[in-house]
Amino acid sequence: MGEGAWATYEKRLHRVSAYIYAHLDEELDVDRLSEIACLSPHHWHRIYRAVHGETLAATVKRLRLQRAAADLVQTDLPVEAIARRSGYPNVQSFNRTFKAVYGLPPARYRREGSHKIFETSSTEGNPAMYDVTLRQIDPRALVGVAHSGSYMAIGQAFETLFGTLFARSLVRPGMEMIGIYLDDPELVETEKLRSFACVTATDDVPVEAPLTPQKIDGGQYAVLRHKGSYADMPKAYQWLYATWLPQSGRAISDSVMFEKYLNNPREVAPTDLLTEIHLPLK
């Protein structure tokens, strides 16, 4: 298939991606997805896999488990309710699948998962426990796709971003994945949170909708290197603000915070995800 031919699939890719994210609570019908894409199921699966590097079924399983992990860490929902919401017929099958991917069964993950280290350290007040470094960052041009709503769902904007770049033959080697987060989730209602899924851009990348030009300001940043599930990130931010910042004696500048993703949730286990949280300093 020639490169230009992918462009005809761009809107279809976006439609399918939007449908998946909107219907995670339901049984996803493969035939329905291929109807949305206006292609035979066989053909559609091959295109989806070529663009996204994983099967549709793998995407749905990954997103459901990622949301389940966030529910375990950030809510008091019973495990049974989370299992049902994640499309598992019974708690046993949910427990097995979750443990295989996250290393601990759900109830233990809630009690002992990697998010817990941020809670214990804030009482001990030992900022040296974490990998925080001060770095001078150069300003950087980015190209991004806007996302509004829960930061945990920014993956949808990344899918739109990469689907668009792929369809338009704009993927370049060495593009870095960056998430820009404009609002404080403690202060702004979840559905009004604004963020951008971005990659670093070179001058030869034309920026047409849904792509928008974005940038990172140069300056000094505190960089927290976080290893583990994205579900733990709110705890990491809390620790950075409540424990590290006061003890550092530094002040935040009004540049935007951003996250740089060093690996890909499609390719590594959630427990091996590496993210650098960048907090801008005066």
Condition check for L240: assigned by TED's automatic domain parsing to the domain that holds T164, buried (at least 19 other Cβ atoms within 10 Å of the Cβ) and part of a strand (DSSP E or B): no
All positions within the stretch 38-53 that are under 20 Å from N263 (Cα atoms) and either assigned by TED's automatic domain parsing to the domain that holds E159 or crowded, with 16+ Cβ neighbours inside 10 Å (or both): V51, H52
Matching entry among A100, A69, A37 (being in contact with a Lys or Arg (Cβ under 6 Å, 6 or more places away or on another chain) and among the hydrophobic types (A, V, I, L, M, F, W, C)): A37
V143 outside any helix (DSSP H, G or I) and modelled with pLDDT under 90: no
Answer from A222, A231, A236 - the residue that is in contact with a Phe, Trp or Tyr (Cβ under 6 Å, 6 or more places away or on another chain), touching a residue at least 24 places away in the same chain (Cβ under 8 Å) and aliphatic (A, V, I, L, M): A236
Residues of the stretch 243-261 satisfying the condition of being closer than 19 Å to D183 by Cβ and assigned to a helix (DSSP H, G or I): L245
Test: residue in the stretch 249-271 that is of a type in the set (S, T, Y), in contact with a Leu (Cβ under 7 Å, 6 or more places away or on another chain) and at pLDDT 90 or above: yes
In the stretch 171-192, the residues that are surrounded by 20 or more Cβ atoms within 10 Å (Cβ to Cβ) and of a type outside the set (V, I, T): G179, Y181
Contacts under 8 angstrom Cβ, first residue in the stretch 174-197 being touching a residue at least 60 places away in the same chain (Cβ under 8 Å) and among the β-branched types (V, I, T), partner surrounded by 11 or more Cβ atoms within 10 Å (Cβ to Cβ) and assigned to a loop (DSSP other than H, G, I, E, B), 6 or more apart: I180/V256
The stretch 65-112 - residue that is hydrophobic (A, V, I, L, M, F, W, C) and not in a helix (DSSP H, G or I) and, of those, nearest to E27 (Cα to Cα): L77
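The values are calculated or read from the model by the stated rules, or taken from the named source; none is laboratory data. Just so it is clear, the model here is predicted, and its values are computed rather than measured. Here the Cβ is made from the backbone with ideal geometry for all residues, glycine too, and neighbour counts use every protein chain on show.
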